[in-house]
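The values are calculated or read from the model by the stated rules, or taken from the named source; none is laboratory data. Remember, predicted model here, so these are calculated numbers, not experimental data. Counting neighbours? That spans all protein chains shown, and the Cβs are built from the backbone with ideal geometry, glycine included.
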Amino acid sequence: MDRIRLGVAGLGRAFMLMLPTLVQHPRVKLVAATDPRADALDRFRADFAGARTHPSVEALCDDPGVDAVYIATPHQFHLAHVQAAAARRKHVLVEKPLALGLAEAQAMVAAARAWGIHLLVGHSHSFDAPYLHTHDLIRSGAYGALRMITALNFTDYLYRPRRPEELDTAQGGGAVFSQAPHQVEIARLLADRPARSVRASTGVWDRARGTEGAYAAFLDFGEGLAASLTYSGHGHFDTDALMGWTGEMGVPRDPDRHGEARAALARLASPAEEAALKTRRAYGAALGAEAARRAPPPPAHNHFGLFIASCEGADLRPMPDGVMIHGDAERRFEKLPPPVVARAEVIDELWEAIALGRPPWHSGDSGLATLEICLGILDSARQGREIPLHHQGGPAACR
């Protein structure tokens, strides 16, 4: 198989963020789509000559010209849509989080196994080259055993345009469901072993937004290894200041534009106006594929704030353009080449699974492990205690 013939379920914001990858990567071709919005389907047919649109996810999965389905629908529909694809022998790339509950996630993993298809979960920042390179440096043993992982990310996440369900934790809204999977998966990648427990607190500091905008979590990986994960999406301090003002997507940021997200939100009169603004950022009448085709690759890799992997002999700090190594007697920088295609690692892993039969790390089992930790963060905050973890060691759950 030279190219994956990909069908897309959901042409919203997640699809827009992946669109440059999907139109530029040589191993994938967009051939079909479904979405509730007619303008999005019209645009898809116009942007992709010969592509087909379908009235439902089930009809998309019935398309014999589709090899795999990218499920970018809202979280609460992932189970039904993964099951529909698996039952029709279509491989699946599903957006994180895998599900909103463990039983749903386990049902997806079971469906993939029963029908013999590959189930990948992403994009998450654990695909990013600097974290993968840091993982390889740790595994080399050159710096001794990994003893501690420190993660810190401060953004304006909570004040970006949201639909009402994105501000309702019960429907998968908030920083824990949306943002924690990135930090959790990077920590799991670097740790390279199952986590044992999580202790956390969360914050709903802005009642007008109504969901968690911050969390602090402590992951115990056993054998003297722990990770601390801190996140705030309240639009105050910005950890891009620690990354040379390179933004999450690998492009330069202007520090003088502080507070723009909050200011834009303050100009909206109602939740309906906010949801409409979110829709305008999705694929459709106003936004199409041509700009994504012409877009140059970002000058640096994606990232998710500050990470420090502390080994016995060095602290390793992944950066947007490489890894800084702070050793016993030296400090040096291992530079990585800039990306040729943004987020190419996602399609690389999907293609290698389908075409070469290589077990993916971002598998359904791995997505289940990440989800259990995210749910553990919420449970620990509610109950005020450490939460043991039981679903961390399935196939491909650790690299």
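The combined condition, being outside the structural domain of Y70 (by TED's automatic domain parsing), farther than 20 Å from A187 by Cα and either of a type in the set (D, E) or modelled with pLDDT of 95 or more (or both), is not fulfilled by A309.
Is it the case that G222 is out of contact with any helix residue (DSSP H, G or I) (no Cβ under 7 Å at 6 or more places or on another chain) and under 30 Å from L389 (Cα atoms)? Yes; evaluated as a whole, the condition is true for this residue.
Can you name every one of the strands (runs of 3 or more DSSP E) wholly within region 257-372 that holds 2 or more residues which are surrounded by 13 or more Cβ atoms within 10 Å (Cβ to Cβ) and in contact with a Gly (Cβ under 8 Å, 6 or more places away or on another chain)?
Correct list: 314-319.
Evaluated against (1) touching a residue at least 40 places away in the same chain (Cβ under 8 Å); (2) crowded, with 20+ Cβ neighbours inside 10 Å; (3) not in a helix (DSSP H, G or I), A32 falls short on exactly one condition, (1). For A355, the test of being closer than 26 Å to L93 by Cα, small (G, A, S) and either modelled with pLDDT under 95 or assigned by TED's automatic domain parsing to the domain that holds A86 (or both) is passed.
Checking each residue in region 73-87 for being at pLDDT 95 or above, of a type outside the set (G, A, S) and more than 16 Å from the chain's Cα centre (by Cα) picks out F77, L79, H81, V82, Q83. Answer yes if at least one residue in region 378-395 is under 18 Å from the mean Cα position of the chain (by Cα) and buried (at least 20 other Cβ atoms within 10 Å of the Cβ), and no otherwise. Taking every residue of region 378-395 in turn, none turns out to be under 18 Å from the mean Cα position of the chain (by Cα) and buried (at least 20 other Cβ atoms within 10 Å of the Cβ). Would you confirm, using the coordinates I've provided, whether A107 is touching a residue at least 12 places away in the same chain (Cβ under 8 Å), farther than 21 Å from A344 by Cα and part of a helix (DSSP H, G or I)? Against the criterion (touching a residue at least 12 places away in the same chain (Cβ under 8 Å), farther than 21 Å from A344 by Cα and part of a helix (DSSP H, G or I)), A107 qualifies. Restricting region 2-15 to residues that are in contact with a Lys or Arg (Cβ under 9 Å, 6 or more places away or on another chain) and modelled with pLDDT under 95, the residue that is surrounded by the fewest Cβ atoms within 10 Å (Cβ to Cβ) is D2.
For region 29-52, filtering for residues that are in contact with a Lys or Arg (Cβ under 6 Å, 6 or more places away or on another chain) and not small (G, A, S) leaves 2. Annotation: A226 fulfils all but one of (1) small (G, A, S); (2) within 21 Å of the chain's Cα centre (by Cα); (3) surrounded by 17 or more Cβ atoms within 10 Å (Cβ to Cβ); the unmet one is (2).
No other residue among A40, A99, A49, A86 is surrounded by fewer than 16 Cβ atoms within 10 Å (Cβ to Cβ) and either outside any helix (DSSP H, G or I) or touching a residue at least 24 places away in the same chain (Cβ under 8 Å) (or both) apart from A49. Only residues that are more than 17 Å from M108 (Cα to Cα) and touching a residue at least 12 places away in the same chain (Cβ under 8 Å) were counted across region 376-392, and they come to 11. Looking across region 110-122, the residues that are in contact with a His (Cβ under 6 Å, 6 or more places away or on another chain) and not in a loop (DSSP other than H, G, I, E, B) come down to L120, V121.
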